[in-house]
Structure formats: structure tokens, C-alpha cells
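Notes follow the structure.
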Amino acid sequence: MSAPVLAVSRRTRSTPFTPRVEALGVAGYTVYNHMLLATSFRGVEADYHHLKSHVQLWDVGCERQVEVQGPDAARLVQLMTVRDLSTVQIGQGVYAPLVDVDGGMVNDPVVLKLADDRFWLSVADSDVWLWAKGLASGLGLDAAVSEPDVWPLAIQGPKADDLMAAAFGDSIRGIRFFGFQPLTFKDHDFIVARSGWSKQGGFEIYVDRADLALDLWDFLWAAGQPFDVGPGCPNMIERIEGGLLSYGNDMTLENNPLECGLDRYCHLEGTFDSLGRDAVAKIRKQGIRRVVRGLRIEGDPLTPCVQPWTIHDGSSAAGQVTSAAWSPDFGCNVAFAMLNKGFWTPGQVVQVNTLDGERSAVVSELPFSKPEQERVQAQA
Ligand code: THG
């Protein structure tokens, strides 16, 4: 039987970088924001080792920008999130859970403040554009909501600073985490931020000129030659090790931000207007019923988790695994699980119904501590 093929069409939008992604041998795609997103090049494990040692270019054009502009733009964006945005400066990005009136997670974007009356929500995989448009019209707000063509290009890995400094000069090293500034390439000012969906460090360039996209890619590729630059994409193993949850996989509209471990981005005592704040405050007061934790699952590498795996303790349902991967650096399978109350204590042992049979697993805090740290802790 041959592997299923993803039929690409106008609905599965390509990006201006797609020709390079394909020339460099993309091995698989997923669909994210109705758009192509590579899942591996030389294999997820080979990509992982390379990402953790060198530097990669990622076509993350699927991280769409929802632009909110106008006199009520700040009010609309604040209504959508439970994070207090009042202290955010122009030129700063923040990770901000979007929450509906029932406390459900709508998305978990990076919010970029471009001007007092202009924001970009760099969204995960859900239709925030429609949600924002509906809110603006329903509430009669003076804010224009659009989805401009902007395709982020990420430079990720421990050598990302060296590559970017070789390409654009040493000043790039001064950008702070989640800060952004203009970056001139071929007489056009792009936005460049220190961000990206890995824990290896790096930058994202918000490419808003399709006609310059391939030139920019080629320029970075050439600058990256001394640093063993390679093609890459968000990496399943690295992101689980690093505790980066994927909206739609590890959390959905059915989950509130407290269950997702996003407490530190929920400012429930503030006086700002936020659609979801009262619901989340109520949930906090009552106490959550489940929470995301890490799991170390014993045994050999597992068949990938494409639908949640159930968890139990021998008698009761304990929750579900939503993502799992073999971690070469940890020497075990690492996973995210939504665990019911009574089963979420680190160190607790649960049973997982994997596609390869039942496996024991140990509950862990997120992010996972690195294997070296654990050994040090064990010796202490
Ligand atoms: N970059 C940009 N857009 C994005 C993503 C991105 N849109 C989709 C998706 N990723 C949005 N979700 C996240 C989730 C986590 C982070 C960024 C975007 C992230 N979190 C840091 C962490 O968990 O260590 C820290 C966040 C903080 O504390 O401020 O980076 O990657 N443009």
C-alpha cells in the first residue's frame, strides 16, 4: 500500500518559500491555518539532532497574522485575551492566550504591538480572523480586522545569532526575547523578532513581500554555509522536550488556560475588559479538574500518536496522551498528557494505551528537566 498523498490546492495555501522547501527535499506536510507546514526533511530525528547543534531555516508562513487596526484596536485585542496588555510597548511581542466567554482557549498567539492602534496576532491553527471580525462587528468597535499576506521565516538553532550577525551585522544580537525591530533587506524594512517555536533560540522575520522572499531565503542560506545551515520545521521531539504545547493537539476550545498550564499569562485580578476573565477567575476559584503534564513513557520508541491515547491507573480513567515522541537525549518516550485530578502528581505512575500496547509512564513537571539536571538532582 502506498502512503496517502495530501492533495494540494488553493485551500492548502503554499508560501513564497515553498519552492525552496521542496527543492530541499521536504518529506512531509501538515495543514496549519489552511496552509502547508513541513513536518520533516531528513527525518524527524535527524532534523532534531541538527536543530539542537546547528541552525535551520523554517518556512512558517502558516503562522498567519491577524491585523487589528483603528481607534478600538487595543480594546478589541485586550477583550480577546486574559493577559493584561496595558504595559506592552511598541516593538514588543507577548505570548497571550485568547479565551472565550466560557473560558475556552480560542488560540495562543504571539501578539505584536506595531503601534498604539495597530497589532498583529501571530496565530496558531484556528480561525482567529473570523472570531475577531465577528467581535468587532457584534460589539460595534471601530477596528479593522484583516489577514495580510505576511509569511514568517524562522531562523532557529544555537547558531542562529551567528548566522543572523553574518547576514545583517552584530546589532542583531541585541534584540531581546520577543522584542522586534526593522530589518532592511533590498531597501525594504521587514520586522525581525527574537522568537520562534523551539527552545534552541533564534529569530523570526515577518516577510511581507512575496517578491523578495526567495532572495531573502537564498541570502540567509548563503550566510549560513559556515554554520551548517539546514532546512527545518517545528520539530515534534524538540517541542515536547521543551514543553511547547500545540493548539488543536494538546489544547482545544474545550480547555481553559489554567488546565493548559498557562496560569502565568492569566491576569485575573486586573481591571481591564477581557471576555474570558470572569470565567477563568471562577474556574481558578473552584479549582481545575485536569491539567497538562509531561509523561515519560517506558519502553521502545512508539508508533506516533495521531489520536489521543487513553490513560488509566488499573481501574479509573486518568486522562489522555495528546502528543508523544522518542527522545534520543532523554533516552525514553516523552509525551504531553491531559491528566485528571488525582493523577497529576509528578512521580506518579499511570498506564497508557498506546498503539503498541499498554505502557507504564511516570508523570513529570513541564517543561521536562534536562537529563543532566535529573542526574545532578539524583546525586544531590
Ligand atoms: N511564532 C510566531 N507565531 C506563532 C508561533 C511562533 N504562531 C503560532 C504559534 N507559534 C503560537 N504559539 C506559541 C506558543 C509558545 C511560544 C510562542 C508561540 C513561545 N513560548 C515560550 C516558552 O514557552 O518558552 C515563552 C513565552 C513567554 O513566556 O513569553 O515561544 O512560535 N511568530
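Below, the figures for the structure above:
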item: Flag if Ala317 is of a type in the set (Gly, Ala, Ser), touching a residue at least 24 places away in the same chain (Cβ under 8 Å) and surrounded by fewer than 20 Cβ atoms within 10 Å (Cβ to Cβ); result: no
item: Residue within the stretch 46-55 that is outside any helix (DSSP H, G or I) and either more than 24 Å from Val306 (Cβ to Cβ) or at pLDDT 95 or above (or both) present; result: yes
item: Some residue of the stretch 309-325 being in a loop (DSSP other than H, G, I, E, B) and under 23 Å from the mean Cα position of the chain (by Cα); result: no
item: One residue from Glu67, Glu63 being within 19 Å of the chain's Cα centre (by Cα), modelled with pLDDT of 95 or more and buried (at least 22 other Cβ atoms within 10 Å of the Cβ); result: Glu63
item: In the stretch 82-109, the residues that are β-branched (Val, Ile, Thr), touching a strand residue (DSSP E or B) at 6+ places or on another chain (Cβ under 6 Å) and crowded, with 24+ Cβ neighbours inside 10 Å; result: Val82
item: Subset tally (residues that are under 27 Å from Val44 (Cβ atoms) and away from the ligand (no atom under 16 Å from the Cβ)) for the stretch 310-345; result: 19
item: Test: residue in the stretch 221-233 that is part of a helix (DSSP H, G or I) and buried (at least 22 other Cβ atoms within 10 Å of the Cβ); result: no
item: Selected residue (only one of Leu339, Leu302, Leu295 is part of a loop (DSSP other than H, G, I, E, B) and buried (at least 17 other Cβ atoms within 10 Å of the Cβ)); result: Leu302
item: Test result for Val88, over 19 Å from Tyr247 (Cβ atoms) and touching a residue at least 12 places away in the same chain (Cβ under 8 Å); result: yes
item: Complete set of residues in the stretch 183-237 that are free of Cβ contacts under 8 Å to residues at least 60 places away in the same chain, in contact with a Pro (Cβ under 9 Å, 6 or more places away or on another chain) and of a type in the set (Phe, Trp, Tyr); result: Phe190
item: Breaking point among (1) under 22 Å from Tyr265 (Cα atoms); (2) outside any strand (DSSP E or B), for Gly140; result: (1)
item: Test: residue in the stretch 181-193 that is within 14 Å of the ligand (Cβ to nearest atom) and at positive phi; result: no
item: Residue match in the stretch 84-98 (condition: outside any strand (DSSP E or B), within 20 Å of Asp250 (Cβ to Cβ) and within 16 Å of the ligand (Cβ to nearest atom)); result: yes
item: Single unsatisfied condition, Lys52 versus (1) farther than 22 Å from Trp326 by Cα; (2) touching a residue at least 60 places away in the same chain (Cβ under 8 Å); (3) basic (Lys, Arg); result: (1)
item: Subset of the stretch 1-26 [under 21 Å from the mean Cα position of the chain (by Cα), farther than 19 Å from Ile155 by Cβ and part of a loop (DSSP other than H, G, I, E, B)]; result: Thr12, Ser14
item: Residues within the stretch 265-292 that are farther than 24 Å from Pro346 by Cβ and either aromatic (Phe, Trp, Tyr) or not in a helix (DSSP H, G or I) (or both), tallied; result: 10
item: Subset of the stretch 139-152 (residues that are of a type in the set (A, V, I, L, M, F, W, C), surrounded by fewer than 24 Cβ atoms within 10 Å (Cβ to Cβ) and within 14 Å of the ligand (Cβ to nearest atom)); result: Val150
item: Matching residues in the stretch 101-138 - criterion: being closer than 16 Å to Gly276 by Cα, within 16 Å of the ligand (Cβ to nearest atom) and among the acidic types (Asp, Glu); result: Asp108
item: Residue check for Leu244: within 16 Å of the ligand (Cβ to nearest atom), over 30 Å from Lys52 (Cβ atoms) and not in a helix (DSSP H, G or I); result: no
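The values are calculated or read from the model by the stated rules, or taken from the named source; none is laboratory data. In this text, all values refer to a predicted model and were calculated from it rather than measured experimentally. Using ideal geometry, Cβ is built from the backbone for each residue, glycine included, and neighbour counts are taken over all protein chains shown.
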